[in-house]
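In what follows, a structure is listed as structure tokens, so that the remarks can point back to it.
The values are calculated or read from the model by the stated rules, or taken from the named source; none is laboratory data. Everything quoted here is computed from the prediction, not taken from an experiment. All Cβ positions, glycine included, derive from the backbone under ideal geometry; neighbour counts span all protein chains shown.
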Amino acid sequence: MSTETSDVCSLLIVDDSRVSRMMIRAFVLDKHPNWVITEASSGNEALTVVDQKHFDYCTMDINMPGILGTDAAEQILVKHPHLRIAIFSANIQEVLRTRAADLGAQFVAKPVTEKSVNIAISFFKAGRV
């Protein structure tokens, strides 16, 4: 289990499931203990938070109360096109995968596991210069 401590990045975790947020946080911090993590429990909350603080990366659930995660991601990317977003969902329909790809986001199938979080982290890192 190797950790990369030289990089300090900011991650916004958006999911209405507290357990999913906790698991994503734990897996990320295990590999990247210096990352600064903020959590939001809805797409609406994410829209507010991203205007208050800079984020490098975001994990976004799709099905949440209020605005869908894909719609929130689309709105966030209009204002913050640098942000790399990984869309997490248990719904693996092709239309959702296509929507994520059209947004420039990485689709990651739930459940949240170390492997699924590593897929998101790899996507995030691939976009860094």
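For Ala73, which of the numbered conditions (1) surrounded by fewer than 16 Cβ atoms within 10 Å (Cβ to Cβ); (2) farther than 21 Å from Asp7 by Cα fails to hold? It fails just one condition, (1). Of all the numbered requirements in (1) out of contact with any strand residue (DSSP E or B) (no Cβ under 8 Å at 6 or more places or on another chain); (2) modelled with pLDDT under 95, Asn44 misses one, and that requirement is (2). When you scan the stretch 66-84, do you find a residue that is touching a residue at least 24 places away in the same chain (Cβ under 8 Å) and touching a Ser or Thr at 6+ places or on another chain (Cβ under 7 Å), even just one? Yes, the conditions are met somewhere in the stretch 66-84. Taking Glu114, is it acidic (Asp, Glu), at pLDDT 95 or above and closer than 15 Å to Leu12 by Cα? No, not satisfied.
Scan the stretch 80-111 for residues that are farther than 14 Å from Gly69 by Cβ and crowded, with 19+ Cβ neighbours inside 10 Å and report the count. Residues that pass the stated criteria total 1.
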